[in-house]
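J.: This is the structure I have questions about; it appears just below.
Throughout, read-outs are computed from the coordinates displayed, never taken from laboratory work. On a predicted model such as this, the values are computed, not experimentally measured, just so you know. Note that each Cβ is placed from the backbone with ideal geometry, even for glycine, and that neighbours are counted across all protein chains shown.
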Amino acid sequence: MKSLRRPPIVGRFLAEEVALASRNSGMPLEALRYDVTPVGLHYLLIHFDIPAVEAAQWTLPILGCVDHPTTFSLADLQALPQRTVRVTLECAGNGRAQLTPRNASMPWVEEGVSTAEWTGTPLAEVLKKAGLQQSVCEVVFTGADIGIDRGVEQTYARSLRVSDALHPDVLLVWAMNGQPLLPQHGAPMRLIVPGWYGMASVKWLSKIEAVTQPFQGMQQVVGYHFRAQPEDAGVPCTQIRVNALMVPPGIPDFFSRQRFLKPGLVNIQGRAWSGGGVPITRVEFAVNGQWRDAQLHRAEASPWAWRGWSCDWQASTGTHVLAVRATDANGHVQPDQPVWDIAGFGNNGMQTVTVQVNAATQQ
């Protein structure tokens, strides 16, 4: 499937990018202090419009190559066995604004990540009731949101291989942090695919379909692929790459976000995470290129949630560049610089924060 691709951009942000940044929202990095991100601070990426979906009238048909095509109401799904799973979600385009030239899209810097507790019915329970036929290769999830992307009118839809769809922690979700889903987070029902970039967790679910051929939707075969060149077939974005962020210390300048700090002992804190349920095994913190190991906090009970870390720093007067990088149990280490991608996907280059330390600063 071919589509119109926006040309890469060097320099100032376009008015369209500014409008996207106003419409969507990132998690303020100071919210890394929370084990679970408050609902109002959780990052948002909404491709089209938030659809008008009434929970009382909403239904979810299970279609395609199943033995028992079924339609569930919200109450039907809530009556099935349910689970609550803590999951870190990250947008595949997080960090895009740090690349140059960059793809003209949502200009994430580093704030497109959050962690929530999601409550819902395991997808496997629903698929078991429907009875997947032997010939099924993928399960397609379609949202109620509709729009135009790269010249193609579409409803937002993604698919999972059967083996991925049947994972016990893949959920059909109706609650977030113990509260009913808000409209912007996919109410009344969304998918949560732990360990994957956020594009897989389709919001405002309108149907699920079992298919015998790989799904050819725009967001599956054209969008969300790692590509070094526009003509590349690319590799699908799936599981999250290892990453870490720190809470920027001190106080900020309003416009530049430059950090200011008084001299003395400072406890630097942050979070680290990786995809596929792979644990974080090391976090390193650097001041002006001098690296040392940070202290890893107790691992979360959920393998899908970020892990806290901290490190003490004796801040001395002057300008300092702080950095952090993580390593996971598979030996993957964050690169020093972003890895080039034509669409700006999967940037897990290490975070740096410049801090001005002087005695006149009050914090």
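J.: Per-residue ellipticity at 222 nm for the chain, helices alone: DSSP H runs ≥ 4 residues times -39500 (n - 2.57), over residue total, nearest 500 deg cm²/dmol?
T.: For the chain, the value works out to -2000 deg cm²/dmol.
J.: Let me ask another. Would any residue of region 312-330 have its amide N under 19 Å from a label point 7 Å out along Cα→Cβ of residue 288? List them or say none.
T.: Under cut-off, by backbone N: 312-324.
J.: Quick one: net charge of residue 104's neighbours, Cβ under 9 Å, K/R +1, D/E -1?
T.: Charge balance in the 9 Å sphere: 0.
J.: Report the relative contact order of region 15-230, percent, no decimals, based on alpha-carbon pairs under 8 angstrom and at least 6 residues apart.
T.: Once divided by the residue count of region 15-230, the mean separation gives 25 percent.
J.: Applying the Karplus parametrisation 6.51 cos²θ - 1.76 cosθ + 1.60 with θ = phi - 60° to the phi angles of region 289-305, what ³J(HN,Hα) value in whole Hz is obtained for each residue in order, glycine and proline being reported as x?
T.: Once rounded to whole Hz, the list reads x, 9, 8, 8, 6, 8, 8, 7, 7, 4, 5, 5, 5, 7, x, 9, 9.
J.: What does the extension gain come out to for residue 297 and residue 19, with contour length at 0.36 nm per residue minus their alpha carbon separation?
T.: 96.3 nm
J.: If you don't mind, another one. Determine, from the Cβ-Cβ distance of residue 166 and residue 76 and an R0 of 25 Å, the FRET efficiency 1/(1 + (r/R0)^6), rounded to the nearest 0.05.
T.: Numbers: r = 20 Å, r/R0 = 0.80.
Plugging the Cβ-Cβ distance into 1/(1 + (r/R0)^6) gives 0.80.
J.: Let me confirm the definition first: pairs of Lys residues in the chain, 8 or more apart or on different chains, C-alpha distance under 26 Å. How many are there?
T.: 6
J.: Points 7 angstrom from Cα along the Cβ direction at residue 152 and residue 49: gap in nanometres?
T.: 2.3
J.: Evaluate the charge dipole of region 248-363 about its Cα centre and quote only its size in Debye, nearest 20, assuming +1 on the Cβ of each Lys and Arg and -1 on the Cβ of each Asp and Glu.
T.: Values: 9 positive and 8 negative charges, 49 e Å.
My answer is approximately 240 debye.
J.: Mean shadow of the chain, computed from the convex hull of its alpha carbons, in nm²?
T.: Values: hull surface 74.1 nm².
Result: 18.5 nm².
J.: Simple spin-label model, 7 Å along Cα-to-Cβ: residue 68 to residue 179 in nm?
T.: With each label point 7 Å from Cα toward Cβ, the separation is 3.6 nm.
J.: Hey, what did the chain get for relative contact order, percent, Cα under 8 Å, at least 6 apart?
T.: About 18 percent, as a whole number.
J.: In whole angstrom, how far apart do the alpha carbon centroids of region 334-363 and region 288-303 sit?
T.: Here the two parts' Cα centres lie 17 Å apart.
J.: Taking the Cα centre as origin and putting +1 on Lys and Arg beta-carbons and -1 on Asp and Glu beta-carbons, what dipole magnitude results for region 159-256, to the nearest 20 debye?
T.: 180
J.: Further, regarding this structure: Taking a ≥ b ≥ c as the square roots of the eigenvalues of the Cα gyration tensor of region 1-59, is the shape rounded (a/c under 1.5), prolate (a/b larger than b/c) or oblate?
T.: It comes out oblate by the Cα gyration axes.
J.: Also: Please check which bits of region 240-260 a label hung off residue 358 would reach, taking the label as a point 7 Å along Cα-to-C-beta and the cut-off as backbone N under 20 Å.
T.: Zone members listed by number: 249-260.
J.: As an exercise, use a Förster radius of 22 Å and the Cβ-Cβ distance of residue 84 and residue 56 to find the FRET efficiency, rounded to the nearest 0.05. Before the final figure, lay out the partial values.
T.: On the way: r = 24 Å, r/R0 = 1.08.
The formula returns an efficiency of 0.40 here.
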